[in-house]
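I have placed the structure first, in the form of structure tokens, so that the comments after it can refer back to it.
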Amino acid sequence: MKISEISAILAQARLPALTREQLLELASCDAGRDFGQALRAFSTGDVAQRDVLEATVRALAPGVRATLRNLGASTPIDQLLTVARKEQRRFFDALDAIAQRSARAAGARHYLAGLGLIPVLPAAGTTEPAVPPYYSFKIFGAGGALCIAEAQTRATRQYTVNIEGAIVLGGGANKTFDWPNKIVVQLTVQEAYQVLALFENKIRSLKFDGHGRAHDKSLQIEFQESHYFVRLIQRGRAAVAVPVRAVDAIPLVSLLYKQLLRNEPHLRIDDIRMMVDRMAGMTASIR
């Protein structure tokens with residue numbers, strides 16, 4: 001594929017063009033083949049491939065390499081691109097936190113070290129907390145699992161929650177889950193309020209459609225008396241369906257309050273609860 005054709009496809013995806021040197025580096029590694037396949041697929045209408053294209057272009061940016069080098073990394077291009085495509089926004093947010101020396105920088109370093117990209121900081125003599133840049137926890141079911149993680153919206157940097165789902169790959173005592181191909185839905189702030197209302201047993205069910213760049217993802221949550229039922233759907237893929245016990249919903253409710261209060265620091269939990277009550281009272285309340 002010619003450089004002009006590659007640039008045209010990237011422009012169609014609203015991504016910056018790659019330099020000749022960057023393309024030559026891609027051509028010399030296995031990741032270049034995957035990039036070429038994603039380019040061709042996107043050009044024929046597979047818009048879901050934009051995530052692969054964006055992760056590749058962003059990972060090849062000089063600033064990413066410079067940040068990693070400053071942290072003592074000597075990461076092969078294939079490893080860098082594999083991590084970038086798998087981790088997506090979390091990876092680049094961690095690099096931004098370090099480059100900007102934000103409050104998340106210490107946690108971001110530990111996150112990158114956990115991915116095997118940079119040396120692990122010595123435990124002794126360091127004041128940096130060993131925490132990931134984003135708090136998350138998992139809920140496991142028979143046929144799938146959820147990962148609930150704090151997040152920020154890209155456009156407005158508002159605090160919210162990601163709900164990620166992966167189907168089970170292997171049974172028996174040692175189940176494995178398909179996390180590299182997880183379905184991710186990021187709640188809008190408005191949706192976060194609605195999800196909080198459901199897990200506070202104020203409404204019975206929710207359905208959010210049109211998530212993702214291709215608008216092909218949906219999130220459904222139902223209150224089913226003895227538990228909640230969460231379903232993540234993406235067109236053309238197996239749905240992830242996980243029952244959530246009341247006890248497992250407690251950290252999710254706590255995280256939702258935390259994120260909503262971070263957006264509105266002048267409010268209290270009681271204020272958030274009152275607004276949720278008012279909203280639920282105008283919709284379908286649990287009978």
**Request:** Return the only residue of S218, S226 being open to solvent by less than 40 Å² (accessible area, probe 1.4 Å) and either in a helix (DSSP H, G or I) or out of contact with any helix residue (DSSP H, G or I) (no Cβ under 6 Å at 6 or more places or on another chain) (or both).
**Result:** S218
**Request:** Report those helices (runs of 4 or more DSSP H) wholly inside the range 45-157 carrying at least 1 residues which are modelled with pLDDT of 85 or more and either under 22 Å from V185 (Cα atoms) or in contact with a Pro (Cβ under 6 Å, 6 or more places away or on another chain) (or both).
**Result:** 50-59, 77-87, 89-99, 105-114
**Message:** Please count how many residues of the range 13-39 are part of a helix (DSSP H, G or I), surrounded by 14 or more Cβ atoms within 10 Å (Cβ to Cβ) and either at positive phi or not acidic (D, E) (or both).
**Reply:** 9
**Asked** Pairs, please: C-beta under 6 Å, at least 6 apart or cross-chain, first residue touching a residue at least 12 places away in the same chain (Cβ under 8 Å) and in the range 17-44, second surrounded by fewer than 18 Cβ atoms within 10 Å (Cβ to Cβ) and of a type in the set (D, E, K, R)?
**Response** C29/D78; D30/D78; A31/D78
**Message:** Condition first: part of a strand (DSSP E or B), modelled with pLDDT of 95 or more and out of contact with any Lys or Arg (no Cβ under 8 Å at 6 or more places or on another chain). Can you find one or more residues in the range 244-264 that meet it?
**Reply:** yes
**Prompt:** Condition test on L206, is it assigned to a strand (DSSP E or B) and either modelled with pLDDT of 90 or more or not basic (K, R) (or both)?
**Reply:** yes
**Only listed residue being open to solvent by 70 Å² or more (accessible area, probe 1.4 Å), farther than 15 Å from I139 by Cβ and within 24 Å of the chain's Cα centre (by Cα), chosen from R278, R262** = R262
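The values are calculated or read from the model by the stated rules, or taken from the named source; none is laboratory data. Bear in mind that the values here come from a model prediction, so they are computed numbers and not experimental data. Note that we place each Cβ from the backbone using ideal geometry, even for glycine, and neighbour counts take in every protein chain shown. The protein model used for the area step is the full one, side chains on, heavy atoms only, and it has no ligands, DNA or RNA in it. Shrake-Rupley method; radii C 1.70, N 1.55, O 1.52, S 1.80 Å.
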